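Quick notes on the structure that follows.
What follows is calculated from the coordinates using simple rules that are stated; it is not laboratory data. On a predicted model such as this, the values are computed, not experimentally measured, just so you know. A quick note on method: Cβ atoms are made from the backbone with ideal geometry, for glycine too, and the neighbour counts reach across all protein chains shown.
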Amino acid sequence: MNFIKIGSIKLKNPVMVASGTFGYGIECKDLVDLDKLGAIITKTITLKPRLGNPQPRTFELPYGIINTIGLQNVGVEKFLSEKLPELKGITKTPVIVSIAGEKLSEYAEVANILDKEKISGIEMNISCPNVKGSIISKCKTDTYNVVKLVRKKTKHTLIVKLSPDVTDILEIAKSAESAGADAVSLINTVPALFHKNGNIVLGGLSGSCIKHIALRKIYEVAKFLKIPVIGIGGIMNVEDALEFFKAGAIAVQVGTGNFIDPQIPIKIIKGLNTSV
């Protein structure tokens with residue numbers, strides 16, 4: 001396989017692990033050869049630590065997973081003092097840090113802090129359905145404003161992660177591109193509902209059941225933008241990955257598949273090497 005270029009990031013292969021499904025990367029060091037991955041996208045980091053939503057918050061279904069984690073994380077300070085140094089110490093694979101904020105200004109503040117660090121890029125999670133408040137990526141103006149703010153604060157490659165739950169994903173994607181994004185990644189989980197012991201749980205649906213939704217969005221966006229598009233959503237094997245490439249994705253992220261078999265990204269990489 002040829003190297004893949006996304007902004008200033010040079011990937012040895014087009015297979016990444018998606019944010020929120022691979023911890024901070026260090027948790028999987030004994031399960032996966034990290035050096036074989038195209039890139040590692042960390043759990044989403046916020047300015048201050050977050051406890052996330054109350055348990056239980058992951059519900060397995062026959063066709064996927066509904067999660068309502070709520071962006072639990074240690075906060076940017078502890079991430080930089082503990083998690084990132086350990087990860088950088090055990091792999092040379094590009095590390096892309098996923099970030100989020102309760103306000104637009106928090107995205108910029110976290111990006112500014114990360115700008116001084118030796119990371120490969122930032123993925124802006126503006127599309128998580130598991131937190132209180134409105135989802136930024138549902139509004140083209142908010143999307144443009146937050147990406148523009150972050151773009152001013154960092155020289156790192158900037159990827160913007162989008163939601164499928166919008167009226168017109170093309171205008172949202174174009175807003176991200178116009179504001180300075182180097183790439184967009186899509187799709188994030190699909191807003192869904194689950195009944196648990198008589199209670200209603202609202203969360204995000206992921207897994208094989210959302211693959212064809214993701215493929216449709218990728219196909220539409222990839223034809224519309226000049227910047228690269230990264231595909232996410234139900235990728236479980238090399239055949240799935242190839243479908244995303246045919247739809248227009250330059251690279252893919254494996255998410256829910258990591259919970260089923262942490263070796264899935266490696267198997268896809270091997271399969272791509274064979275199919276070339």
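Which entries of Lys5/Lys211; Lys148/Lys196; Lys78/Lys196; Lys103/Lys217 have Cα-Cα distances beyond 30 Å here? Listed pairs above 30 Å: Lys148/Lys196; Lys78/Lys196.
Annotation: the antiparallel percentage among DSSP beta bridges lying fully within segment 115-259 is about 35. Using helices alone, I'd like the mean residue ellipticity at 222 nm for the chain: each DSSP H run of four-plus residues gives -39500 (n - 2.57), total over residue count, nearest 500. That comes out to -9000 deg cm²/dmol. Among Asp35, Asp240, Asp30, a tally of other beta-carbon atoms within 10 Å of each Cβ gives an order, fewest to most, of Asp30, Asp35, Asp240. When the chain is treated as a Gaussian network with alpha carbon springs shorter than 10 Å, the biggest mean-square fluctuation among Gly20, Gly133, Gly180 belongs to Gly133. How would you classify the chain from its alpha-carbon gyration tensor, with a ≥ b ≥ c the square roots of the eigenvalues: rounded for a/c under 1.5, else prolate if a/b is greater than b/c, otherwise oblate? Rounded shape, in that the Cα axes give a/c under 1.5. If you take every DSSP beta bridge whose two residues both sit in segment 4-275, what share of them, in percent to the nearest 5, is antiparallel? In segment 4-275, DSSP labels about 40 percent of beta bridges as antiparallel. Of the residues Tyr107, Tyr63, Tyr219, Tyr144, the one with the fewest other Cβ atoms within 10 Å heads the list, and the complete ranking is Tyr63, Tyr219, Tyr144, Tyr107.
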